Amino acid sequence: MPACTSAIITGVFIAGVGIFPGPGAAGRLTADEECYVSFALQEAGKCEGELCKEKRVVKIGEILNYRRQMRSSLRNQSAFDKFRLDCEAKFPDIDAQAVCFSERKDATFSSIPAKYKPARYGVTRAGYYQLRTKMTLDEAEWILGDDYNEISYSSYAGYSSAMYRWGSLRRGILLIFQDEELRSMSIYGM
C-alpha cells in the first residue's frame with residue numbers, strides 16, 4: 001500500500017472515526033483489510049484530481065471502520081464473512097458500499113437473517129468444533145440446537161455464570177458462560 005494512502009487511512013482512524021482491532025494495533029490493517037484496500041484503491045485511482053482520490057481513500061477508511069464495528073458486534077467470523085459479502089458485492093461503487101456497511105455496522109447475531117449464520121450441526125463433534133469462546137448463548141444454540149438444559153446458574157455482585165448441557169448424561173457438550181459469553185466448553189462420550 002502506498003505510504004500516502006496508509007497515512008490517510010491511519011488518519012481516519014486517529015481522527016476518531018475508526019475503531020482499532022486491539023491494543024497497540026492503531027492504524028494497522030488485518031490481512032483481510034489489506035486485501036480489501038488493495039482492490040478498493042484501484043477504484044480510487046480512477047478519480048480525476050487529488051481531492052477526489054483523497055475523498056475516496058477517506059471513504060475506504062470509513063468502510064474499514066464500519067467493517068470492524070460489524071465484526072465486533074457480530075462476534076462470529078463466519079456470520080461476519082457472509083454478511084459483509086453483500087456490501088462488498090456493490091464494488092466498485094464505494095459510496096454504495098459505505099452506505100451498506102453503515103446500515104449493518106451494529107448488527108448482532110440474533111438480528112441477522114439465517115442465511116448469513118453458520119450451519120446448524122446439532123450435538124456432534126462437528127458442532128463442538130464450530131464453537132468459539134466469547135460466543136453468546138444464541139450463537140451456541142444456533143449451532144447445537146435448542147434442546148439443552150441449564151445445569152447451574154449463579155450471580156453475584158453484577159457477575160453471572162451459567163452451565164448448559166446439550167445431549168444426555170452419557171454423551172454431550174457442556175458449555176460454561178460468564179457474563180453471557182462462552183468461556184469454557186467440553187465434549188464427552190463422543
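Each reported figure results from applying straightforward, stated rules to the coordinates on display, with no laboratory input. Remember, it's a predicted structure, so these values are computed and weren't measured experimentally. Positions of Cβ are generated from backbone atoms using ideal geometry, with glycine treated the same way; all protein chains shown enter the neighbour counts.
The table below gives the values:
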read-out: Where a residue in the stretch 63-86 is surrounded by fewer than 19 Cβ atoms within 10 Å (Cβ to Cβ) and its partner, wherever it lies, is of a type in the set (S, T, N, Q), with Cβ under 6 Å and at least six apart; value: Ser73/Thr108
read-out: In the stretch 94-113, residue surrounded by the most Cβ atoms within 10 Å (Cβ to Cβ) [restricted to those that are free of Cβ contacts under 8 Å to residues at least 24 places away in the same chain and under 15 Å from Ile63 (Cα atoms)]; value: Cys100
read-out: Residue satisfying all of: in the stretch 36-58; closer than 12 Å to Pro92 by Cβ and charged (D, E, K, R); surrounded by the fewest Cβ atoms within 10 Å (Cβ to Cβ) among these; value: Lys46
read-out: Matching option when the condition is surrounded by fewer than 18 Cβ atoms within 10 Å (Cβ to Cβ) and of a type in the set (Phe, Trp, Tyr), among Tyr159, Tyr116; value: Tyr159
